[in-house]
Amino acid sequence: SILSDTEIKHLCLPPTFVVTEKVHDYHQGSVSMYPKTVETFSYLSEEEIMLKMQDRLKPTAGRRMYDQHSLGVVSYRKLTEMELSDFKPMISPYSSESVKTTPEGKKIPSWGSSSYGYDIRIGRNFKLFTKPADEPLGPVVIDVCDFAATEEYVVEDHNDVDYIVIPPHGFALGHSVEYINMPEQITSICMGKSSIARTSLHMCITPLECGWSGHVTIELENMSDYPIRLHSGIGISQLLFFRGEQPCAVSYS
């Protein structure tokens with residue numbers, strides 16, 4: 001199933017509290033007379049949790065005798081330091097809103113949360129592919145299975161820049177501002193943004209498998225006959241997240 005903005009938020013921000021609840025204890029298809037107590041992470045505010053605790057104490061018509069005043073939130077507490085340190089955000093930094101302008105008010109391709117997905121930004125470091133050139137040992141041939149052998153001849157590093165100009169039919173590598181930490185049982189596919197594609201800039205990212213973590217490498221191709229200026233920090237791709245129905249046998253990690 002595809003994850004909604006709320007589910008994505010819960011994977012990116014730590015819970016607000018740990019709540020203790022009494023819930024039905026199902027045993028061999030029937031409901032036990034004695035509810036069980038469980039602890040779960042909650043993203044509700046303290047006020048919302050307290051209202052749930054009050055609702056638990058209100059008599060409700062139709063309740064069976066043994067679970068009257070029993071089910072629901074019993075108590076809550078703050079997370080321990082260990083629980084907070086164990087939390088690994090799926091997206092960092094994370095914005096719960098869609099950002100569509102710069103601090104100065106200039107409109108940009110949006111980044112941040114969307115209804116079903118998240119728009120990541122392009123970072124400030126690039127590798128720009130250069131024009132072919134003959135070397136003393138002959139023409140450089142890029143080998144898909146050994147790119148490192150020719151990388152120094154075919155790319156120029158542009159680090160910590162406000163923008164990069166990709167020449168006509170040129171190619172560049174970039175990276176996401178956000179650090180991604182894919183949970184087990186969740187995989188992401190990466191889609192282009194129309195605001196980028198309409199300039200004839202083609203963006204490609206491979207799927208982000210469950211268990212993978214890092215800054216996303218972004219492949220950029222100028223398919224037009226004109227140079228394209230790409231600004232750092234703008235939205236570049238939308239990630240859609242999917243939860244598998246059952247754990248996979250082998251994750252990326």
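The values are calculated or read from the model by the stated rules, or taken from the named source; none is laboratory data. In this text, all values refer to a predicted model and were calculated from it rather than measured experimentally. When we count neighbours, we look across all protein chains shown, and the Cβ atoms used for this are built from the backbone with ideal geometry, even at glycine. Calculation scope for accessible area: heavy atoms of the full protein, side chains included, ligands and nucleic acids excluded. Shrake-Rupley method; radii C 1.70, N 1.55, O 1.52, S 1.80 Å.
For the condition in a strand (DSSP E or B), modelled with pLDDT under 95 and either touching a strand residue (DSSP E or B) at 6+ places or on another chain (Cβ under 8 Å) or closer than 28 Å to residue 228 by Cα (or both), what is the one hit in 75, 110?
Just a single option satisfies the conditions, and that option is 75.
Could you check segment 204-224 and list, in sequence order, the residues that are part of a strand (DSSP E or B), open to solvent by 20 Å² or more (accessible area, probe 1.4 Å), farther than 21 Å from residue 89 by Cβ and of a type outside the set (D, E, K, R)?
204
Only residues that are more than 16 Å from residue 211 (Cα to Cα) and touching a helix residue (DSSP H, G or I) at 6+ places or on another chain (Cβ under 7 Å): list them for segment 78-95, please.
94
Checking the structure you have, find out if any residue of segment 102-118 is open to solvent by 50 Å² or more (accessible area, probe 1.4 Å), touching an Asp or Glu at 6+ places or on another chain (Cβ under 6 Å) and within 16 Å of residue 232 (Cβ to Cβ).
Looking for residues that are open to solvent by 50 Å² or more (accessible area, probe 1.4 Å), touching an Asp or Glu at 6+ places or on another chain (Cβ under 6 Å) and within 16 Å of residue 232 (Cβ to Cβ), one finds none in segment 102-118, hence no.
Where residues in segment 151-194 are among the small types (Gly, Ala, Ser) and open to solvent by less than 40 Å² (accessible area, probe 1.4 Å), which of them is farthest from residue 4 (Cα to Cα)?
Once the filter is applied, the top-ranked residue is 170.
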